[in-house]
Structures are given as structure tokens and as C-alpha cells.
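See structure below.
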Amino acid sequence: MMQILGYLLLAGLALVLQTVLLPPFFPGGIKPDLVLLLTIWIGLRESPWRGGLLVYGLGWVYDAYAGTFPGLHGFVLLTVFLTVCGMATRLNTESLPLIWCLVGGGTLLQAALTVFAIEFFAETSRFWAVVLNCLPAQMLLNLLFAYLLHNSGRRCRQLADQLPPGLLPRRHES
């Protein structure tokens, strides 16, 4: 239960950063997709049912908070999650090159599914051209933030290992 609350806290932080705090720093509406990075992280760590419900709910909250089409991000993030979850059992989930491949593939899959859903279900013309134009910058930002988050997580684990015994809960001590 605490793990789910941690994910929800991270999701809330990612939503606020992604929709309110980061857009002034990145021109043209291109910003790192922190919700996608969290979805990939959950896909590497959680079971399909528990993580799937969490990610689908996160997509709906994202749509309610900053989306235009209800259910679009729920559908896209759930598909990305299930793809990552299906591969996570066969791969070394601590590898940085794997994280980069998953973030790159997740960004491409997210763009393809978003274009498909909007072009197929909504009456828009040439939405794919807009997405294709923004895709290289989006990919680079997602990869950069994945690298930064991976390194900061590793540093936090190193700092936790250097703490004297008794400062962390017993389950973290070896």
C-alpha cells in the first residue's frame, strides 16, 4: 500500500512539473514526458494487474488535469505499460542502455498510438505532421531526463547505503 502511495505521490509531482513548472523553460510546447517515464518505471517494477490499474488511472487523471480527449492517455499509457511489462521479465531492469531503449521505444509508441487514436476517432487533419515535427526534440528530452533520473536514483541508493545502521527501516538494512 505504501508503494502505491509513493507512485501516486510521484505521479502528482510529475503532473505538476510537466504541466505547470516545466513549460516556461521549454519553447514550443515540447517538454519531457515525466508521466511516460513513470509509466515505464512502473512497468519494470509492478505486476500487470496492479500496475495496469495504476497506470490506467494515472492516464485518466492526466486527461482530467491536462488532456483534451478523455481516455486517450489512459489507453496510450496502458499500452506502453503492458509492452514494457511483457519485456521486463526477460531483461536486466537495472541497465541504463535498456532504460534508454525503453524510453525511446515508449516515446515512439506513445506518438504512434496518439496519432492513430486522434486521426481515427477525431476529425482532425494532418495531426501526424505536428507530432512528427516535435518527435525528435521530445525523444531527446525524454532520454535526457531518463538519464538524470536514473543517476539521481542511483546516487540516492548509494547515500542510503552509507548511512549508519538504525537510520533506515529494518527492511532496508542487510
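The values are calculated or read from the model by the stated rules, or taken from the named source; none is laboratory data. From a predicted model like this one, the values you see are computed outputs, not experimental measurements. When we count neighbours, we look across all protein chains shown, and the Cβ atoms used for this are built from the backbone with ideal geometry, even at glycine.
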Selection from the stretch 15-42 of residues surrounded by 14 or more Cβ atoms within 10 Å (Cβ to Cβ) and either among the aromatic types (Phe, Trp, Tyr) or under 9 Å from the mean Cα position of the chain (by Cα) (or both) yields 33, 34, 35, 36, 37, 38, 39, 40, 41, 42
Residue 173 vs (1) modelled with pLDDT of 80 or more; (2) touching a Pro at 6+ places or on another chain (Cβ under 8 Å): all pass except (1)
Selection over the stretch 78-117 where residues are touching a residue at least 12 places away in the same chain (Cβ under 8 Å), farther than 22 Å from residue 137 by Cβ and not small (Gly, Ala, Ser) yields a count of 9
Listed by first then second residue, the pairs whose first member lies in the stretch 18-32 and is closer than 16 Å to residue 62 by Cα, whose partner is β-branched (Val, Ile, Thr) and at pLDDT 85 or above, with beta carbons under 8 Å and at least 6 positions apart or on separate chains, are 18/35
Within the stretch 64-87, the residues that are crowded, with 19+ Cβ neighbours inside 10 Å and not β-branched (Val, Ile, Thr) are 72, 73, 74, 77, 78, 81, 85
Check: Any residue in the stretch 141-151 that is of a type outside the set (Lys, Arg), more than 22 Å from residue 18 (Cβ to Cβ), surrounded by fewer than 12 Cβ atoms within 10 Å (Cβ to Cβ) and modelled with pLDDT of 80 or more?
Finding: no
Within the stretch 91-137, restricting to residues that are over 30 Å from residue 154 (Cα atoms) and among the aromatic types (Phe, Trp, Tyr), the one that is surrounded by the fewest Cβ atoms within 10 Å (Cβ to Cβ) is 120
